[in-house]
Amino acid sequence: MYDQHEPSKEFVENLEWEIAGEVRRRNRSARIPRWMPKSGRKAAFALAGVVLVSMSLGGAGVAAAYQLQSNQHRDDVLAGLEQRELMAQKELLLARQVLDATQKKIPLGAANQMNVLENSLNVAQAEARVKSIESQIEEVRITGREPSNDISAPLVSGRDFVRERLQIDTAAPKAALDLEQMRVRDLERSVSIGAASLTDADEARIRVAEIEAALELFRRKLDIRKFFLTRKFNAAEAELRVLEAEAEQREKALSPKIDFARKLSQDTAAQARVGAASTMDQAEAAMRLEELEMERAKANLDLARVRHQLDLRRKGR
């Protein structure tokens, strides 16, 4: 029989997750203000104090004391989220009205399918914001604290809010991919008849590659979340796997940009030699290439560091 004066397994697991999560959250910006103390040391002492009290007084007593302390905080968080939800609902209503008006213009020849896709993207983005905020509100009502998007966050009353919001967040990139793929096809047709430049088509292809990399990152995060919940990854490894996936995504998205910037820099330099471009244009193109290469170098460095940590974990160090 469960002793009400002993902390439950779920209670202890959540406290352990909060302590580990504080280290991760110090280097991340949350979607809404954190309830944790700003000082990392104070946060650690605060959480350690909760653990000690829970061991001496029992889970039931701590839960009651914590409830009194957190009620006001929960109400403040909910008020902020509900205000954001109201604004998001208004934005969604407006986006839907614009889309409806655009669709009605098509038979009149006053709009085209590209216009419809652009407005559909605005609707998808607005819908995702509303659904994400609704999910956050539901989580706060259950937990009494800010919603967490950490990949290693525990389930909340059996519900996986992290996975829900990851799935919600994929809607807008999917709509953006449809739009940019159509833009590429239109530009390729225009290039074939001399009505658009190869540069325009190349830039559109880069946007497609960037969106595809973002969608792949969402898929990988969903897989990592599943592996964490099935205990194939512990919390530390799951967080490292996310950092690895993010660094790989940045490198993948930067590669076509760098190729394009290099070609543009070479073309601008050639034009400058014959007086068709200024030395300033040449310098700006070269600087843009250097900036992108620096970004990729940083992504590769981040990736190497994360993989080093993963390798140390595999070796048990």
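All of the numbers you see were taken from the coordinates with simple rules; none came from a lab. Every value quoted in this text rests on a predicted model; they were computed, and no experiment measured them. In this analysis, Cβ positions are derived from the backbone assuming ideal geometry, glycine residues included, and neighbour counts consider all displayed protein chains.
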>> Can you tally the net charge around LYS232? Count Lys and Arg as +1, Asp and Glu as -1, for every other residue whose Cβ sits under 13 Å from the Cβ of LYS232.
In response: +2
> Packing-wise, with mean Cβ within 10 Å as the measure, how do 143-152, 191-200, 211-220 rank, highest first?
Replying inline: 143-152, 211-220, 191-200
> Using the alpha carbon gyration tensor of region 230-317, what are the three equivalent-ellipsoid semi-axes (square root of 5 times each eigenvalue), largest first, in whole Å?
Replying inline: 41, 10, 7
> Which ³J(HN,Hα) values in Hz, rounded to whole numbers, follow from the phi angles of region 280-296 under the Karplus curve 6.51 cos²θ - 1.76 cosθ + 1.60, where θ = phi - 60° and Gly and Pro get x?
Replying inline: 5, 4, 4, 5, 5, 5, 5, 5, 4, 4, 4, 4, 5, 5, 5, 4, 5
> Using only the Cα atoms of region 157-256, what do you get for the radius of gyration and for Dmax, in Å?
Replying inline: 17.7, 60
> Between ALA196 and residues 5 or more places away or on another chain, which pairs have amide H atoms under 5 Å apart, with H built 1.01 Å from N, and which residues are they?
Replying inline: VAL191
>> Taking a cut-off of 15 Å, what percent of all Cα-Cα pairs in region 207-277 are separated by more than that?
In response: 64
> Got a sec? Charge dipole of region 177-317, +1 on Cβ for Lys and Arg, -1 for Asp and Glu; which of ILE206, ALA276, LEU312 is way out at the positive end?
Replying inline: LEU312
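Going highest first, how would you order 267-274, 133-140 by mean Cβ packing within 10 Å?
Working: 267-274: 14.2, 133-140: 20.1.
Order by mean packing, descending: 133-140, 267-274.
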>> What percent of all Cα-Cα pairs in region 144-196 falls into each 10 Å bin, going from 0 up to the bin containing the maximum distance?
In response: 20, 28, 18, 15, 12, 6, 0
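Using only the alpha carbons of region 69-113, what is the convex hull's orientation-averaged projected area in square nanometres? Display every interim value, and only then the final one.
Working: hull surface 14.4 nm².
Projected over every direction and averaged, the Cα hull of region 69-113 covers 3.6 nm².
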> Which net charge results for the neighbourhood of GLU203, defined as the other residues with beta-carbon distances under 11 angstrom from its beta-carbon, given Lys and Arg at +1 and Asp and Glu at -1?
Replying inline: 0
> Taking a threshold of 20 Å on the Cα-Cα distance, which of the pairs LYS221/LYS252; LYS104/LYS174; LYS90/LYS221; LYS257/LYS298 fall above it?
Replying inline: LYS104/LYS174; LYS90/LYS221
> In bins 10 Å wide, starting from 0, what share of all Cα pairs of region 91-148 does each bin hold, as a percent?
Replying inline: 24, 33, 21, 14, 7, 1
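Let's see if you can work this out: charge +1 on each Lys and Arg Cβ, -1 on each Asp and Glu Cβ, no other charges. What is the dipole magnitude of region 177-317 about its Cα centre, in debye to the nearest 20? All intermediate terms of the calculation are to be shown ahead of the outcome.
Details: 28 positive and 27 negative charges, 220 e Å.
The dipole of region 177-317 has a size of about 1060 debye.
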